[in-house]
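Since the structure comes first, as structure tokens, the remarks are kept for the end.
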Amino acid sequence: MANDWLQQSIEWMHQWIQQLDLAPWLVPLQWLLVGYFVCLSAGYLILNLVALLVMRSHIQSARTELLPASYASFLTPISVLVPAYNEQETIGSSVLSLLQLTYPEYEVIVINDGSKDETLQVLKDSFALTLSSATCPLRLPCQQIRGIYQSSRYPNLKVIDKANGGKADALNAGVNLSRFPLFCGVDADSILQRDSLLRIIRPFLEDPTAIAAGGTVRIANGCQVKDGLLLKAALPNKILPQLQIVEYLRGFLFGRLGWSSLNALLIISGAFGLFRKDLVIEVGGYRHKTIGEDMELVVRMHKHMRLNNRKYRIYFIPDPVCWTEAPEDLATLAQQRVRWQRGLLESLSANMSLLFHRKSGAVGWLAFPFALLFEALGPALEVLGYLFMLFTWLAGWLDPAALLAFLVVTIGFGILISVVALVLEEMSYPVYPGGRSIMRLFLMAVLENFGYRQLNSWWRLKGLWLWARNSKSSWGTMKRSGKWQNTK
Amino acid sequence: MSDTHSDVIVQLVWYSSAVLLLITLLLLVLTLFMHYERRQRDKSRQQATEQWTPILFSWIYSPDENTGPLPQLTAEGFGFVVQLWLQLEQTVRGSASSRLAGLAQQLNLIPVMKQWLHGYSTDKKLTAIMALGIVQEKSAFADLIPHVLDKRTIFSLVAARALLAIDPKLGLPVILSQIHRDDWSVSRLAGLLVRLPHDLMVRSITDCAEKATAKELRRLIKLMHILSPIDSQPLIQQALEHYPNEMELLTTAFASAVSPDLLPLLRQQVDNPQWEVRVQLAKALARLGDRSDAPLLLKMLSDSNWWVRYRAAQSLIAMPGVEDEQLQQWQQQLTDPFAIAILLQVKEEQQRQQQGRT
């Protein structure tokens with residue numbers, strides 16, 4: 001019965017499509033989609049090759065991996081800024097992990113951005129905070145600061161309690177209070193590998209023109225963590241976080257590494273990035289009322305430096321690692337991806353003057369158009385492609401053999417770039433033990449093409465739509481279990 | 001598109017898929033192979049640590065027992081042992097350090113370090129600079145000088161330390177020639193110079209100050225003030241005489257002044273057009289001045305800048321031997337309402353502080 005109904009519907013659709021005189025549109029549309037796929041693939045392929053080359057030289061130059069402790073007294077001190085909003089579940093262990101970093105001189109500044117839960121109380125109880133009489137200059141605009149607290153147990157821990165103003169506002173407040181010339185933004189629900197600061201400082205030691213550096217963010221689901229310290233890295237059991245691991249590897253290892261080598265890296269993750277404070281103040285700090293404040297700042301720094309003819313470099317370093325929790329359910333993941341897409345579009349649209357500007361170099365002529373065409377507007381074209389295939393199939397214009405061949409090549413290419421990410425991970429800083437983990441990740445690289453990838457495109461399209469409608473943005477709160485913060 | 005064309009395109013797409021599949025599988029095998037190789041490397045590193053840590057310690061504690069040949073080392077193992085050696089060197093002093101330097105000779109470290117010094121690897125270069133400094137290799141002195149001039153802070157500072165370890169007399173002028181560098185914090189520089197012979201340090205800094213620009217002189221005054229405050233006074237005198245209009249230099253000079261001999265020169269700045277200088281002058285007078293400076297400070301109570309008035313009031317109250325009676329007297333002499341207000345404010349603040357303490 002149902003089968004008959006389906007067949008009748010298809011026939012009806014077929015007749016209806018035949019009546020529409022769409023033939024003149026089909027060929028150009030087909031070529032547009034094929035051209036889009038070819039350009040996208042070529043772009044990714046070039047990025048992959050560049051990333052492989054860069055990784056090789058990175059491994060050679062950093063073979064001994066860690067700077068000997070003997071240079072410690074010459075390393076630039078760092079202020080670690082931790083914006084927190086309703087983080088009572090995880091803030092204690094996150095701050096504890098930050099206080100155990102291996103770095104000679106650093107301070108941790110937690111910024112409680114008007115949390116409605118017990119975040120401040122947890123901090124007061126866990127770290128013996130006392131109200132301090134310290135003041136800070138308002139070099140960057142931020143909401144009213146209600147109090148500055150100093151830990152009596154950890155001399156390098158300070159907490160700012162301020163009125164709610166969003167993540168960007170919280171980071172600006174942290175920059176105002178920070179004492180050191182470099183600051184590192186870290187998400188309150190993330191933990192850093194103990195030697196992460198020692199690794200991320202490298203570009204600032206090697207290159208006086210370095211103004212910012214980003215590290216890799218890895219997924220912590222499935223890992224063993226105790227008191228803010230990562231005991232053992234392992235793959236999670238659930239499929240959704242495993243799929244995201246492959247996605248993160250791809251995004252960080254070839255995406256960012258490739259662009260970084262061209263000095264055209266457009267994003268440093270807010271979860272873990274090191275910046276030169278004077279430069280951030282010079283460009284006006286984090287912009288309020290944006291979702292993607294991390295990307296927006298980096299794009300603005302590029303714009304400021306390029307348009308003023310100043311020599312600079314923004315780096316991505318693959319081995320300093322920050323661990324964060326990935327969503328384990330579809331609703332939270334959807335919410336996260338919609339937010340990311342809006343952040344991307346906001347960052348690009350706010351700095352549109354960089355696009356094809358005569359002084360903008362690889363940023364304005366390569367990275368910006370790539371991000372705009374394939375990442376910002378890409379979901380629309382991808383969904384259009386799926387609809388086009390469905391439409392032509394229903395109309396009977398599509399040869400099933402051709403459809404299958406194109407599907408295989410598309411999926412094959414997707415798997416290939418994921419496997420390159422696995423190679424890059426193995427070359428740089430492999431964290432998952434055993435060959436079995438590699439095989440499981442490979443399986444995920446295959447599986448993600450059947451449903452997950454399409455879902456992602458849909459969520460991103462939704463982000464594009466919300467951005468176009470100019471919906472209100474807010475703190476990116478995400479449902480988190482926080483279980484991984486204290487597994488045994 | 002004709003059918004033949006379509007067929008060709010579809011064929012091509014199938015071939016591409018096959019190539020993609022093949023490359024993917026090859027990369028997967030490569031990943032697994034690299035994983036295996038890394039595990040082997042980690043194992044050998046672990047073995048090297050276990051083998052060499054006792055050797056390094058025995059060189060510190062009982063060098064006479066180490067007469068036999070050292071174990072063979074691979075290129076990678078060598079780098080790792082050098083790191084171990086360096087880290088241990090940083091934790092020991094005196095004869096233990098000399099004994100570890102002896103091990104460096106036996107490892108034939110110096111020629112390799114000289115090679116590393118001219119290589120491209122950051123880690124190897126830094127390791128070489130440090131190692132050559134630790135073994136005080138005189139022949140490497142000239143090769144290390146360009147590294148002090150390196151724009152990268154860590155290279156320049158590590159090389160500076162090595163130069164001072166090899167030959168402080170020759171090294172110090174090279175280091176002081178870089179005093180203009182903003183990326184060298186004065187306190188870190190002082191940390192490098194603190195163990196040098198006092199005379200050498202004072203003479204070199206004073207010589208350097210003779211040709212210094214205002215910015216350099218300011219940093220030299222700060223440096224000398226940390227290392228030997230009394231020896232910074234001639235530099236302050238030089239600053240006041242040669243650069244009377246350099247605000248930043250004058251504020252540093254006033255903040256570093258510890259000798260009453262400078263008072264005549266300081267007092268001349270009471271009408272300096274820059275308020276920052278007058279603020280520091282008020283503070284310096286509180287520290288060094290005597291009762292004869294009271295009229296000067298009373299005059300500063302009527303300054304156009306609030307900070308100058310505030311500091312002058314604090315200085316007046318902090319003057320040795322000034323009692324309430326004397327303050328009352330001064331207050332009665334004042335006619336400017338701003339001067340009276342600031343004096344009352346500071347008096348009130350002081351009383352509250354005293355009440356808070358009790």
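Report, to two decimal places, the Cα Rg of region B:190-333 normalised by 2.2 N^0.38 Å (N = number of residues). For region B:190-333, the normalised Cα radius of gyration is 1.14.
When the trypsin sites (Lys or Arg not before Pro) in region A:284-326 are filtered for DSSP coil states and for at most 12 other beta-carbon atoms within 10 Å of their beta-carbon, the remaining sites are A:Arg310, A:Lys311. Annotation for region B:261-358: GluC sites (Glu not before Pro) lying in DSSP loop with at most 16 further Cβ atoms inside 10 Å of their Cβ are B:Glu323. In this Cβ point-charge picture (+1 for Lys and Arg, -1 for Asp and Glu), the protein assembly as shown has a dipole of about 320 debye about its Cα centre. Bridging of A:Lys124 to lysines at a Cα separation below 16 Å is possible for A:Lys116, A:Lys158, A:Lys162, once same-chain residues fewer than 8 apart are set aside.
When only the Cβ of Lys, Arg, Asp and Glu is charged (+1, +1, -1, -1), the dipole of region A:90-192 relative to its Cα centre reaches about 280 debye. Classified by the C-alpha gyration tensor, region B:42-119 has an oblate form. Its axis ratio a/c, with a ≥ b ≥ c, is 1.5 or above, and a/b does not exceed b/c. Accessible surface calculations at 1.4 Å, restricted to protein heavy atoms, place the protein assembly as shown at 46 Å² per residue.
Dividing the convex hull volume of the alpha carbon atoms of the protein assembly as shown by its residue count gives 225 Å³ per residue. Look at the dipole of chain B built from charges on Cβ: of B:Gln314, B:His147, B:Ala48, the Cα furthest out on the positive end belongs to B:Ala48. Annotation: extensible slack from B:Ala190 through B:Trp306 equals 38.3 nm (criterion: 0.36 nm per residue apart, minus Cα-Cα distance). Considering every alpha-carbon pair of chain A, the percent of pairs per 10 Å bin, from zero through the bin containing the longest distance, is 4, 18, 29, 26, 13, 6, 3, 1. Shielding of peptide A:401-408 by partners, expressed as the average count of other chain Cβ atoms within 10 Å per residue Cβ, is 5. Binning all Cα-Cα separations of region A:404-454 at 10 Å, short to long from zero, yields these whole-percent fractions: 24, 49, 23, 4.
Run the numbers on chain A and let me know its relative contact order in percent, using alpha-carbon pairs under 8 Å that are six or more apart. Worked out over chain A, it gives 19 percent.
Cross-link reach is defined here as a Cα-Cα straight distance under 20 Å, omitting same-chain residues fewer than 8 places apart; for A:Lys359 the lysines meeting it are A:Lys303, A:Lys311. Each Cα pair under 8 Å and six or more residues apart adds its sequence gap; the mean of these over the residue count of region A:258-366 is a relative contact order of 37 percent.
Of B:Ile23, A:Ile111, the order by accessible heavy-atom surface (1.4 Å probe, DNA, RNA and ligands excluded), from most exposed downward, is B:Ile23, A:Ile111.
I'd like the distance separating the alpha-carbon centroids of region B:249-285 and region A:412-471, in whole Å. Rounded to whole Å, the Cα centres lie 65 Å apart. Calculated mean residue ellipticity at 222 nm for the protein assembly as shown: -19000 deg cm²/dmol, from DSSP H runs with n ≥ 4 weighted as -39500 (n - 2.57), summed, divided by the residue count and rounded to 500. In this calculation the C-beta distance from B:Asp183 to B:Gln345 is compared with R0 = 51 Å, giving a FRET efficiency of 0.80. Protein-only accessible surface at a 1.4 angstrom probe places the residues A:Met427, B:Met300 in the order A:Met427, B:Met300, largest first. Note that region B:180-224 carries a Kirkwood radius of 10.8 Å, evaluated over its alpha carbons pair by pair.
Between helix A:378-394 and chain A there is an angle of about 20 degrees, using the helix long axis and the longest principal axis of the Cα atoms.
With a simple spin-label model that places each label point 7 Å from the Cα along the Cα-to-Cβ direction, the separation between A:Asp329 and B:Gln237 comes to 8.0 nm. Choose one of A:Thr410, A:Trp393, A:Ile314: the residue whose Cα lies farthest towards the positive end of the charge dipole of region A:265-420 (beta-carbon charges +1 Lys, Arg; -1 Asp, Glu; about the Cα centre). Farthest towards the positive end: A:Ile314.
Under a model in which nothing but the beta-carbon of Lys, Arg (+1) and Asp, Glu (-1) is charged, chain A shows a dipole of about 1080 debye around its Cα centre.
Taking every residue in B:9-21 and counting other chain Cβ atoms within 10 Å of its Cβ, the average works out to 5. The orientation-averaged projection of the convex hull spanning the C-alpha atoms of chain B amounts to 35.6 square nanometres.
Within straight-line reach of B:Lys114, meaning a Cα separation under 21 Å, sit the following lysines at least 8 residues removed in sequence or on another chain: B:Lys124, B:Lys125, B:Lys138, B:Lys151. For the peptide A:425-435, the mean number of other protein chain Cβ atoms found within 10 angstrom of a residue's Cβ is 3. If the chain linking A:Leu32 and A:Leu390 were pulled fully straight, counting 0.36 nm for each residue of separation and taking away their Cα-Cα distance, it would gain 127.2 nm. When only Cα pairs below 8 angstrom with a gap of at least 6 residues are kept, chain B shows a relative contact order of 7 percent.
Working from label points 7 Å from Cα in the Cα-to-Cβ sense, the B:Leu73 to A:Asn308 distance is 4.7 nm.
The values are calculated or read from the model by the stated rules, or taken from the named source; none is laboratory data. Here the structure is a predicted model, which is why all the values come from computation and not from measurement. Here Cβ is always computed from backbone atoms with ideal geometry, including for glycine, and neighbour counts include all displayed protein chains. Areas reflect the complete protein model, heavy atoms only, side chains present, ligands, DNA and RNA absent. Shrake-Rupley method; radii C 1.70, N 1.55, O 1.52, S 1.80 Å.
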